[in-house]
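Presented below is the structure to which this report refers.
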Amino acid sequence: MARPDRGTTLIDVARAAGVSRQTVSNAINAPHLLRAETLAQVRSVIDRLGYQPNRSARSLRTRQSRLIGYCVPRPNPDRLGWVLDEFLHAVADAARGAGYHIVVFTPDSAQRELDSYATMLQTGGADGFLLTDITHRDRRPGWLRRRGVPFVSYGRLPASAGPAWVDVDGAAGVAAAVEHLVGLGHRRIAFLGWPEGHRVGDDRADGWRSAMAAHRLAATLRGYTDDTITAAAEEAGRMLDAARPPTAVIAVSDTVAVGALRAARARGLAPGRDLSVVGFDDTPSAALLTPPLTSVSQPLQEAARLLVEMLVARLAGRRPERRSVLLEPTLVVRGSTGPPPPGR
């Protein structure tokens, strides 16, 4: 078996796979041009022979780094890990299948995030970008569009922004949580969300209001909190200390849900029995809590696949087949929800 340190070449791969040099090149640089079975055959030979393409030489020829930039926020010890790890793995797998790799970077500060993008472009550190955590007044899409930089967004963008996006229907996910709780007998269902003006948070709050209205229930139990466990516990405690507290809380994120669970326990309430709590994002921690957290799960694998397909098309100068995709989330029911206490 040939090994990379003995100079395995593209020609070696082509001969072993019984295909042309161009087919091997396409498998590495433009996999979308090949049939699935041909691509699988060539990749199998590449793996078996241990062939490593010369990325530097290829970059000089194509003026492409074959790298996709992904800026991630700095971790906060008072928050759960969001779905960042799972999403990043899904994106990396999809990118590798398309012949690209993900390069992760963090901004020096929120004010200097655009400087990070400028540095990546100036140094050839990325051919395009994947954006997440889109806000109403996000500066990144316009900044990249004005410079002609290919990018896609995990989060809805206005039509004027031009590029493609994939998003999860947060309103539908929260509505499903309301349906679940109503089916258990709850009527006093609170929503614990982020301050108004956050695009994702507003979408999820709208789902709560609409679903409550559909059941002719008052949407008055609304709390506002930052996305930290400590802040959420304080706001949830205020709601639970009211004269007529909720029997169930839907949280805008799993981090906020954990804050609600902490507030319930501090008041001697058993989650799932005395107070039902639903989170959103179904982070890996959700199933490990006691009791396990009912949460809305995002279809991360599908989102990652679509985003990479869209960005690869843009990097190749093509218009993506689909430029806006809204995916349906799924409610994962666990032990943190149950019927309301008797008499409530």
task: Could you please find all residues in region 186-209 being touching a helix residue (DSSP H, G or I) at 6+ places or on another chain (Cβ under 8 Å) and not in a helix (DSSP H, G or I)?
output: I189, A190, F191, L192, G193, W194, P195, E196
message: Among the residues of region 210-227, what is the count of those that are outside any helix (DSSP H, G or I) and closer than 24 Å to V168 by Cβ?
response: 8
task: Consider V152 carefully, then state whether it is in a strand (DSSP E or B), surrounded by 16 or more Cβ atoms within 10 Å (Cβ to Cβ) and of a type in the set (A, V, I, L, M, F, W, C).
output: yes
query: Of the residues that sit in region 147-177 and are within 18 Å of E309 (Cα to Cα) and among the small types (G, A, S), which one is modelled with the lowest pLDDT?
result: G162
- request: Report whether or not G124 is over 23 Å from V166 (Cβ atoms) and in contact (Cβ under 8 Å) with a residue 60 or more places away in the chain.
  value: yes
message: Tell me yes or no: at least one residue of region 268-286 is aliphatic (A, V, I, L, M) and under 23 Å from L88 (Cβ atoms).
response: yes
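The rows are residues; the columns are (1) under 18 Å from the mean Cα position of the chain (by Cα); (2) polar (S, T, N, Q); (3) modelled with pLDDT under 95.
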{"residue": "R273", "(1), (2), (3)": "no, no, no"}
{"residue": "S276", "(1), (2), (3)": "no, yes, no"}
{"residue": "F280", "(1), (2), (3)": "yes, no, no"}
{"residue": "S285", "(1), (2), (3)": "yes, yes, yes"}
{"residue": "E309", "(1), (2), (3)": "yes, no, yes"}
{"residue": "R314", "(1), (2), (3)": "no, no, yes"}
{"residue": "R318", "(1), (2), (3)": "no, no, yes"}
{"residue": "L331", "(1), (2), (3)": "yes, no, no"}
{"residue": "G338", "(1), (2), (3)": "no, no, no"}
- prompt: In the set R216, R204, which member is more than 23 Å from the chain's Cα centre (by Cα), basic (K, R) and at pLDDT 95 or above?
  reply: R216
query: Would region 251-264 turn up any residue that is surrounded by fewer than 21 Cβ atoms within 10 Å (Cβ to Cβ) and either aliphatic (A, V, I, L, M) or out of contact with any Leu (no Cβ under 9 Å at 6 or more places or on another chain) (or both)?
result: yes
task: Output the number of residues of region 114-151 satisfying the condition of being within 20 Å of the chain's Cα centre (by Cα) and closer than 22 Å to D202 by Cβ.
output: 11
Test for G268: is it surrounded by fewer than 24 Cβ atoms within 10 Å (Cβ to Cβ) and at pLDDT 95 or above: yes
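Quick grid of which residues meet (1) outside the structural domain of Y154 (by TED's automatic domain parsing); (2) more than 16 Å from G155 (Cα to Cα):
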site: D281; (1), (2): yes, no
site: A287; (1), (2): yes, yes
site: A303; (1), (2): no, no
site: E321; (1), (2): no, yes
site: G335; (1), (2): yes, yes
- request: Could you grab me the full set of residues in region 190-200 that are at pLDDT below 95 and either buried (at least 17 other Cβ atoms within 10 Å of the Cβ) or out of contact with any strand residue (DSSP E or B) (no Cβ under 9 Å at 6 or more places or on another chain) (or both)?
  value: G197, H198, R199, V200
- request: For region 110-148, enumerate the residues that are under 22 Å from V168 (Cα atoms), exposed (fewer than 12 other Cβ atoms within 10 Å of the Cβ) and either in contact with a Ser or Thr (Cβ under 9 Å, 6 or more places away or on another chain) or not basic (K, R) (or both).
  value: H136
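The values are calculated or read from the model by the stated rules, or taken from the named source; none is laboratory data. Remember, it's a predicted structure, so these values are computed and weren't measured experimentally. Every residue, glycine among them, receives a Cβ derived from its backbone with ideal geometry; neighbour counts consider all protein chains shown.
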